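For reference, the structure is listed below as structure tokens.
The values are calculated or read from the model by the stated rules, or taken from the named source; none is laboratory data. All figures in this text were calculated on a predicted structure; none of them were measured in a lab. Ideal geometry is used to build each Cβ from the backbone, glycine not excepted, and the neighbour counts take in all protein chains shown. Accessible surface is based on the protein model in full, side chains and every heavy atom, while ligands, DNA and RNA are left aside. Shrake-Rupley method; radii C 1.70, N 1.55, O 1.52, S 1.80 Å.
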Amino acid sequence: MKKKVLLMGKSGSGKTSMRSIIFANYIARDTRRLGATIDVEHSHVRFLGNLVLNLWDCGGQDTFMENYFTSQRDNIFRNVEVLIYVFDVESRELEKDMHYYQSCLEAILQNSPDAKIFCLVHKMDLVQEDQRDLIFKEREEDLRRLSRPLECACFRTSIWDETLYKAWSSIVYQLIPNVQQLEMNLRNFAQIIEADEVLLFERATFLVISHYQCKEQRDVHRFEKISNIIKQFKLSCSKLAASFQSMEVRNSNFAAFIDIFTSNTYVMVVMSDPSIPSAATLINIRNARKHFEKLERVDGPKHSLLMR
């Protein structure tokens, strides 16, 4: 199952850098050596078994942008599942940026009216910290107004922190075909093993694709922080010719287990009950693997985790 994803925005807005960090295992400082995208770069990213993201990274130079809306219009904007438009928050050509964005929306409305729209206000690390909320809120209001009658979801992002993972996790979540069934089974799994929280990560990108929490957690940004930290640790392991498979983190308040779950996912289980030994949790993770492997077969039969 292929899903077409358009990645668009003015040249230098940071499109290729974020794509390289999420899908090509770059670290932020290495993206400085990436050159400008020429015309359209196509990449196919296998994501959760049968799901393949057909990613179109569209160069943002003026000549290319004009061609997208004229001679290449049908080819670019037909059969689009998701449009991701990236804005450089410090752009000096905001009016032109908005003009190109509106042209994209007109082409989407004509060719792919059911596409989901995401706007990333990027390079937020360049904005003074005490101004970020205000600037993002103003930009978000402008973009939502311009997007009508279509709806857009807006995210503030930077390659230097976890905000990039938050945005892309939300985007990919929209593309997973059986996500409600996945979440229902994750909830059942968490309740059966008496976990505080269970997270499911896509194996290559470490984006959070599903979660269930039984207890309220204080840090609302914990998912993307964990994605960022573990992805960097995983990359460090690979540089030493080692492979990351699992880890256990324990203190006086909780224990967290991160382990390979299925052929396409990692799982993180958080436990706070000191009476449940680590071995029991690891056995429960192992026993659930086969069931969740079945759920990844997009066209397969419906299953529910009801074991006791």
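Taking the protein heavy atoms of the chain in the context of the full set of protein chains, the accessible area attributed to carbon and sulfur is 48 percent at 1.4 Å.
Taken one residue at a time, the phi angles of the stretch 230-239 give Karplus couplings (6.51, -1.76, 1.60, θ = phi - 60°) of 5, 4, 5, 5, 4, 5, 4, 4, 5, 5 Hz. Gly and Pro are set to x.
I'd like the FRET efficiency for Leu240 and Lys290, computed as 1/(1 + (r/R0)^6) with the beta carbon distance as r and R0 of 51 Å, rounded to 0.05. It would help to have the intermediate numbers written out before the result.
On the way: r = 32 Å, r/R0 = 0.62.
Step by step, r from the Cβ atoms, then E = 0.95.
Shape of the stretch 106-211 from its Cα gyration tensor (a ≥ b ≥ c, root eigenvalues): rounded if a/c is under 1.5, otherwise prolate when a/b > b/c, or oblate?
Details: a/c = 2.54, a/b = 1.42, b/c = 1.79.
Oblate.
Classified by the C-alpha gyration tensor, the stretch 1-121 has an oblate form. Its axis ratio a/c, with a ≥ b ≥ c, is 1.5 or above, and a/b does not exceed b/c. Ranking Leu146, Leu282, Leu83 by solvent-accessible area of protein heavy atoms (1.4 Å probe, all protein chains present), from largest to smallest, gives Leu282, Leu146, Leu83. Of Cys104, Cys237, Cys214, the residue with the largest accessible area leads and the full order is Cys214, Cys237, Cys104 (1.4 Å probe). Taking the longest Cα principal axis of the chain as reference, the axis of helix 278-295 is set at about 50 degrees.
Each label was represented as a point 7 Å from its Cα along the Cα-to-Cβ direction; for Glu248 and Ser278 these points are 0.3 nm apart. Length, then width, then depth: along the principal axes, the Cα atoms of the chain run 63, 45, 40 Å.
Placing unit charges on the Cβ atoms only, positive for Lys and Arg and negative for Asp and Glu, gives the chain a dipole magnitude near 980 debye about its Cα centre. A Förster distance of 45 Å, applied to the separation of the beta-carbon atoms of His42 and Lys137, puts the FRET efficiency at 0.80. A cut-off of 5 Å between modelled amide H atoms, ignoring neighbours fewer than 5 places along the same chain, links Cys119 with Tyr85, Ala153, Cys154, Phe155. Helical runs (DSSP H, four residues minimum) scored at -39500 (n - 2.57) apiece and divided by the length of the chain put the mean residue ellipticity at 222 nm at -12000 deg cm²/dmol.
Between the stretch 101-118 and the stretch 224-283, what is the C-alpha centre distance in whole Å? With the stretch 101-118 and the stretch 224-283 each reduced to a Cα centre, they are spaced 40 Å.
In what order, largest first, do Asp130, Asp62 sit by accessible area if the probe radius is 1.4 Å? Could you put the intermediate results ahead of the total?
Values: Asp130 120, Asp62 60 Å².
The ordering from most to least exposed comes out as Asp130, Asp62.
Kindly identify the stretch 175-225 as rounded, prolate or oblate by the Cα gyration tensor criterion: order the square roots of the eigenvalues as a ≥ b ≥ c, call it rounded if a/c is under 1.5, otherwise compare a/b with b/c, prolate if a/b is larger, else oblate.
Values: a/c = 1.99, a/b = 1.09, b/c = 1.82.
Verdict is oblate for the stretch 175-225.
Provide the percentage of antiparallel DSSP beta bridges, counting only those with both residues in the chain; round to the nearest 5. Could you put the intermediate results ahead of the total?
On the way: 31 of 55 bridges.
Of the beta bridges lying entirely in the chain, close to 55 percent run antiparallel.
Can you flag which of Lys15/Lys215; Lys10/Lys116; Lys137/Lys234; Lys116/Lys234; Lys2/Lys225; Lys15/Lys137 are past 26 Å Cα-Cα? Spell out each step's value before the answer.
Values: Lys15/Lys215 37 Å; Lys10/Lys116 20 Å; Lys137/Lys234 34 Å; Lys116/Lys234 31 Å; Lys2/Lys225 29 Å; Lys15/Lys137 21 Å.
Going by Cα-Cα distance, Lys15/Lys215; Lys137/Lys234; Lys116/Lys234; Lys2/Lys225 fall outside the 26 Å limit.
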